[in-house]
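Accompanying notes for the structure given below.
The values are calculated or read from the model by the stated rules, or taken from the named source; none is laboratory data. The structure presented is a predicted model; accordingly, all values stated were derived computationally and were not measured. Virtual Cβ from ideal backbone geometry, glycine too; neighbours counted across all protein chains shown. Side chains included, ligands, DNA and RNA excluded: accessible areas come from the protein's heavy atoms. Shrake-Rupley method; radii C 1.70, N 1.55, O 1.52, S 1.80 Å.
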Amino acid sequence: MQDPQVNRRDFLRLSGLATAGAVMAACNTGSAPAPTTDVPAGDQAAADAQDSTTAAPGLREVARENTLIFMYGGTDGAFTNVGLGNPYNPGSTGHRAVTAAHEPLFYYSAFSDEFIPWLATGYEYNDDYSELIVNIREGVEWSDGEVFDAHDVAFTLETLRTNAPELRNSTEVSNWVESVEAVDDLTVRIVFFEPRPRFYFSHLTAKFDTGIYWLPEHVFRDVEDIAAFEFFDLEQGWPVYTGPFNVVLWSPEQQFLDRRDDWWAAKVGFAELPAMERIIVLPSTGEERAAQLVINNEIDSCLGFRATTIPNAVQGNPNIITHTGRELPMGYIDWWPTSFWFNCDEPPFNTKEMRWAISYAIDRQQMLDVALEGSGILTELPFPYYPPLMPYIEATAPLLERYPTNEHNLTKSSDLMEGLGYTRDNEDFWVLNGERVPAVIYGTAIFNDIGPVLAEQLRRAGFESEYTTPADSGTRRSEGSAKLTLFGHGGSINDPLDTLDMYTSKHYRPTGEPATHVSRWRNPEYDAIVDEMATLPPSPDDNTYMDLYLAAMEIWLDNLVDAPLQQWLHRIPMNSTYWQNWPTEDNNYVNGAFWHQTVGLLIMGLEPAS
């Protein structure tokens, strides 16, 4: 039978979560400080950042109204990647290390469903998608004045191809690209081992958090160990990028990036200079402190807040908006839908019956009501609900009637457990051969809202569960010792293949070996279907492609490789005291995550507040 509905207060009281502090509290229980128009001295990090514009040798003074201040990254309030200007150094966070400095060949905005040629002007495949020609834009320059051209693109791809698997993106490039050459200064030819109709989108286009970072051949051709090279020497002008900003100061406490008025795009008339003269990036100091800083106008934006925090930030300052303005849900659907990921290669989660039993034990609506105060979106599938994906999602509806991934049904859960031979012990937990189900949920701080609620639901359904966030949670997830984890997908955007591919056996690694995609599930029939999809251009109107998708999804749903829970919402506070034209649902030119590779579009879109 179904358990009775419990409201948020009763659930927290009955489960003990409220007194344990397991559900994240709101950031501000009292009255918010009044917004200020000057830089306040209340926060030392932000104040130091502004003071150092004149105190640091060689730095010019820039007014607050001409400065954009972000807060993200780092550990315990300090950057750990200082000086790693090489995006392929293992310690680098890639584009996040130097905001708005990397530029792609093409941008893609999922929200406007728009491709924007940038360093390139266009591309063309041959008839069978085994060869790709890319046309490079004339007039592009690196920040040291050297020309960016087809030779840089060919050099970067060849470097990845010959340094696999050491460098980011290198394994796929090595497996897919047979050869690459600069036909002339503005033309690149890429030849694939087999048809690769998605390479233009998957690797040459910046969208969300993916895309290749281009290297200056004139610097890196003389580097013996690409991965070890830091690429940071301000006296030499390093790092070198094509973007409109470059590093002028980088310390554990702050990073300054000043606008280059000689940016190539402004010189050739392709784009106007960004409105801000300086970008300051401060390391994160925790969600509650970040909320106070954005309320006080000390920072302009920061990493997304939890559902219980963002309303307090919005209420604390009339100039703070979110993607949905000042109304719930105060965020947008990211490309990172959350699921329970199982280690499908290890008992007890190596049977689909156990995985379905766990899924039926979860009351997702109660999770939303209790942990997110009703401000969330559930998901039946591991795909973000984006317009290009909706035809596929809608076509899956008949399968979901047979495989109801969001159904909460304790009777079905119990029947499956009994069918596996489990019985209840004297504490009402499921047990087999004297052992309880090890249903420890591993997560990170971003799941501190839903994690404790899910653990309590599993305990009530007979699974010995707790929610934990050890410092090595990511390592345990990757190596498989964490058998039940909360995590997102970061796969499909406009084509279901990217997410489906995460579950193919080429990503399988035995428990104990690091894996990028951690399901450790193998199914030869599924592999064959997804491999065939990869050779075809994606189209929901192509019956062959749609039939393959549905065949793959039926296998996936039957096995319930992971258990979908919620769409991930980015609830990003955006302060319009100094800057306006932030991306919103009414001004949907790009997603608002400035730590994504599409940050260049955001930077170009912002305007001084009037």
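Taking every protein chain into account, the 1.4 Å probe leaves Glu65 with about 100 Å² of accessible area, to the nearest ten. Remark: accessible surface ordering of Ser492, Ser202 (largest first) is Ser202, Ser492, probe radius 1.4 Å. Excluding ligands, DNA and RNA, the accessible surface per residue across segment 398-554 is 43 Å² with a 1.4 Å probe.
Sorting Lys506, Lys412 on solvent-accessible area from highest to lowest, probe radius 1.4 Å, gives Lys506, Lys412. Placing +1 on the Cβ of every Lys and Arg and -1 on the Cβ of every Asp and Glu, with no other charges, gives segment 241-377 a dipole of roughly 160 debye about its Cα centre.
Across the chain, Cα pairs under 8 Å and at least six residues apart give a relative contact order of 20 percent. Candidates His489, Pro87, Phe305 compared by Cα position along the dipole of the chain: farthest toward the positive end lies Phe305, with charges placed on Cβ.
For Trp568, the residues whose modelled amide H falls within less than 5 Å of its own, excluding neighbours fewer than 5 places apart on the same chain, are Asp334, Trp336, Thr338. Of Val268, Val173, Val223, the residue with the largest accessible area leads and the full order is Val268, Val223, Val173 (1.4 Å probe).
Could you pull out every residue, at least 5 positions away or on a different chain, whose amide H is within less than 5 Å of the one on Ile441? Hs are placed 1.01 Å off N in the peptide plane, and Pro or chain starts have none. Excluding prolines and chain starts, which carry no amide H, the hits are Glu466, Tyr467, Thr468. Given axes a ≥ b ≥ c from the Cα gyration tensor, I'd like to know whether segment 84-236 is rounded (a/c under 1.5), prolate (a/b larger than b/c) or oblate. Because its axes are fairly even, with a/c under 1.5, segment 84-236 counts as rounded. At the residue level, Met553 shows approximately 0 square angstrom of accessible surface with a 1.4 angstrom probe and all protein chains present.
Computed from phi, the 3J(HN,Hα) profile of segment 397-412 under the Karplus parametrisation 6.51, -1.76, 1.60 (θ = phi - 60°) reads 3, x, 5, 5, 5, 7, 10, x, 5, 9, 6, 9, 8, 5, 5, 4 Hz, with x in place of Gly and Pro. In percent, rounded to a whole number, the relative contact order of segment 502-587 is 20, using alpha-carbon pairs under 8 Å and six or more apart.
Farthest toward the positive end of the dipole of the chain, out of Trp214, Ser413, Pro583, is the Cα of Ser413, where the dipole comes from beta carbon charges about the Cα centre. For segment 496-564, the dipole from Cβ point charges (+1 on Lys and Arg, -1 on Asp and Glu) about the Cα centre works out to 420 debye, to the nearest 20. Pairs from the table (Lys207/Lys352; Lys412/Lys483; Lys412/Lys506) lying more than 28 angstrom apart at Cα are Lys207/Lys352; Lys412/Lys506. Classify the chain as rounded, prolate or oblate, taking a ≥ b ≥ c as the square roots of the eigenvalues of its Cα gyration tensor: rounded when a/c is under 1.5, otherwise prolate if a/b is larger than b/c and oblate if not. Oblate shape, in that a/c is at least 1.5 and b/c is the bigger or equal ratio.
Computed with every protein chain present, the accessible area of Trp335 is close to 20 Å² [probe 1.4 Å].
For segment 454-462, 3J(HN,Hα) computed residue by residue from phi via the Karplus equation (6.51, -1.76, 1.60; θ = phi - 60°) reads 5, 5, 5, 4, 5, 4, 5, 8, x Hz, glycine and proline entered as x.
Taking every C-alpha pair closer than 8 Å and separated by at least 6 residues, the mean separation divided by the residue count of segment 229-368 gives a relative contact order of 10 percent. Using θ = phi - 60° in the Karplus curve 6.51 cos²θ - 1.76 cosθ + 1.60, the 3J(HN,Hα) couplings for segment 205-211 round to 10, 8, 8, 6, 10, 10, x Hz; x is entered for Gly and Pro.
Which Cα, out of Tyr200, Asn163, Ile190, lies furthest along the positive dipole direction of segment 87-241 (beta carbon charges, K/R +1, D/E -1)? Of Tyr200, Asn163, Ile190, it is Tyr200. In the chain, the calculated helix contribution to ellipticity at 222 nm averages -7500 deg cm²/dmol per residue, counting -39,500 (n - 2.57) for every DSSP H run with n ≥ 4. In this structure the amide hydrogen of Asn523, modeled in the peptide plane, comes within under 5 Å of the amide hydrogens of Ser505, none closer than 5 places in sequence on its chain.
Only the Cβ atoms of Lys and Arg (+1) and of Asp and Glu (-1) were treated as charged; on that basis the dipole of the chain about its Cα centre amounts to roughly 1780 debye. The portion of the accessible surface of the chain made up by carbon and sulfur, rounded to a whole percent, is 47 (1.4 Å probe; DNA, RNA and ligands excluded).
Computed from Cα positions, the angle between helix 524-534 and the longest principal axis of the chain comes to roughly 30 degrees.
Which of the three applies to segment 411-494, rounded, prolate or oblate, going by the alpha-carbon gyration tensor with a ≥ b ≥ c and a/c under 1.5 meaning rounded? In terms of gyration-tensor shape, prolate.
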